[in-house]
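Okay, so here's the structure we're looking at.
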Amino acid sequence: MNSHAAGTSNGGSGDAGGAGAGAARRNTRMPKYSKFTQQELPACKPILTPKWVVSVFFIVGVIFVPIGVVSLLAARDVVEIIDRYDEACVPGNMTENKLAYIQNSSIPKDCTRTLMVTKDMKQPIFVYYQLDNFYQNHRRYVKSRNDAQLRDPSKANKTSACEPEKTTADGKPIVPCGLIAWSLFNDTYIFARGNENLTVDKKHISWKSDREHKFGKDVYPSNFQNGSLIGGAKLDPNISLSEQEDLIVWMRTAALPTFRKLYGRIYVDLKENDNITVRLSNNYNTYSFGGKKKLVLSTATWLGGKNDFLGYTYLIVGGLCIFLAFAFTLLYFIKPRKLGDHNYLSWNRHPAGR
């Protein structure tokens, strides 16, 4: 009997010890208490009553509509002259075979265009070339470059990812390598107003960050455009890549198939009805893929170039908000909905009443 009692007593103490150990293990696994982990931090819990909703929509609309109007007025102040010349510069006897015209180096590519200034243009006047149906965002095209080679002269042999323009036929590395540099735009423009030549300033047309960090001051072109198939412009081997700004502008690839790139600036005011003579070299091949080439002269405002999208976006969003404000107000008066008592919300109740 004593033996049985002792056994029972030992067993009970063993169960109690196991339970205590389990509780201790659970306590060690519990996270340290804090208001953040227990989501007890002060929080804003707005109640979207009809008055609040209507007020917010109306305020947003009142703010957005004037911004849209100002943006549209600023865009309308921009003066643009756009001239498509890729078809106009093809000789009459080769209009049916444009590809043969552009690929035949013995045929002169010089062309003269006359532009009429429709409205006074204040300096600086930005000169752009525009390409249509040119997919610079193609994955293989975008990846065909080596940034380390562009920055460091000791890495001229690094031509990985530059296929198919990575080395010459005898295995020498191309600097800069890749399809982007190889297809560099090579049309040129010379402007005149009557007997006055208009100088195009091509200094600082690229991003400062690109010049200083992406293209080395001691990296020079080598073996560039030396193959049997020439893609575009050639580079002066005596000028470092950081100073070849046409290349830097071109290598910042565009996201859309229609894009403009800055060619230079003209620091002369142009008057209404002025005739601008443009002598250009129509060298770049857009005929093989059905592309278009345009020359653009444009002024700028505090908002930038001519772009109505931002203004229309603000107007549409602001107008929609004002419409919704009036619609919700009308709905509230025609068919009101009884609201609950805010005092019954958990965060509004007095602690003693819980």
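Please treat every number below as a calculation from the coordinates, not as lab data. Owing to the predicted nature of the structure, the values given are computational and were not obtained by experimental measurement. As a convention, Cβ positions derive from the backbone with ideal geometry for all residues, glycine included, and neighbour counts pool all protein chains shown.
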Only one of 82, 107, 102, 67 that is part of a strand (DSSP E or B) and either out of contact with any Gly (no Cβ under 9 Å at 6 or more places or on another chain) or surrounded by 13 or more Cβ atoms within 10 Å (Cβ to Cβ) (or both): 82
When residues of the range 110-134 are limited to those that are in contact with a Phe, Trp or Tyr (Cβ under 7 Å, 6 or more places away or on another chain) and in a loop (DSSP other than H, G, I, E, B), the one surrounded by the most Cβ atoms within 10 Å (Cβ to Cβ): 124
Conditions (1) β-branched (Val, Ile, Thr); (2) in a loop (DSSP other than H, G, I, E, B); (3) more than 31 Å from the chain's Cα centre (by Cα); (4) buried (at least 20 other Cβ atoms within 10 Å of the Cβ): number failed by residue 159: (3)
In the range 212-244, residue surrounded by the most Cβ atoms within 10 Å (Cβ to Cβ) [restricted to those that are assigned to a loop (DSSP other than H, G, I, E, B), touching a Lys or Arg at 6+ places or on another chain (Cβ under 9 Å) and of a type in the set (Gly, Ala, Ser)]: 216
Hits in the range 191-218 (condition: under 30 Å from residue 156 (Cα atoms), of a type in the set (Lys, Arg) and either in contact with a Pro (Cβ under 9 Å, 6 or more places away or on another chain) or in contact (Cβ under 8 Å) with a residue 40 or more places away in the chain (or both)): 202, 203, 214
In the range 85-99, residue surrounded by the most Cβ atoms within 10 Å (Cβ to Cβ) [restricted to those that are assigned to a helix (DSSP H, G or I) and of a type in the set (A, V, I, L, M, F, W, C)]: 94
Flag if residue 121 is over 23 Å from residue 205 (Cα atoms), hydrophobic (A, V, I, L, M, F, W, C) and out of contact with any helix residue (DSSP H, G or I) (no Cβ under 7 Å at 6 or more places or on another chain): no
